[in-house]
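Here, each number is a calculation from the coordinates, and none is a lab measurement. Just so it is clear, the model here is predicted, and its values are computed rather than measured. Using ideal geometry, Cβ is built from the backbone for each residue, glycine included, and neighbour counts are taken over all protein chains shown.
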Amino acid sequence: MMNYITKFFTGGLIVFSVVGIISCGNVQPEPVKLNADNCQHCKMTIADLKFAVELITDKGRIYKFDDLKCMQMYQSENALNNARFFVSDYTKPENFVKVEDAFFVSGGDVLSPMNGNVAAFSSKADAEKFAVEKNAKQLSWKEVNP
């Protein structure tokens, strides 16, 4: 009887562990609560969704930032292994885009909350149009985050 109980709990623990590991890998950005969520780095309340950034650790923990600059500062101060980064799409701020898939615009008249002055877009056409409007330049993720 004791052997059966041990196998039952051991099997349950293995299943629970596997489900936990799998679910951590599928964590997606969550909606930012404007004027309620705070930036992980500067602690200011996130008030402009167009520049919001989320970092998801390899363990599934989500950190929110009010500006790409704050995320970069946090990144430089903390060891982040296999973290994933998502930026708010400037034209559809409720949508987050993986940084690898985003198009960035910086400089000119682009003004963000913490003076990072980088806007992100899911569409290259939207980024190009915005860059012309703001007298700014387009950048890749590697140029934004060397």
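Odds and ends about this structure:
- Working note: Karplus 6.51/-1.76/1.60 with θ = phi - 60° gives region 39-55 the couplings 5, 4, 8, 8, 6, 6, 5, 6, 10, 10, 5, 4, 10, 5, 9, 10, 10 Hz, where Gly and Pro are set to x.
- Gyration tensor (alpha-carbon) shape descriptor, region 17-131, a/c threshold 1.5: prolate
- Only Lys, Arg, Asp and Glu carry charge here, each on its Cβ (+1 for the first two, -1 for the last two); on that basis region 95-146 has a dipole of about 60 debye about its Cα centre.
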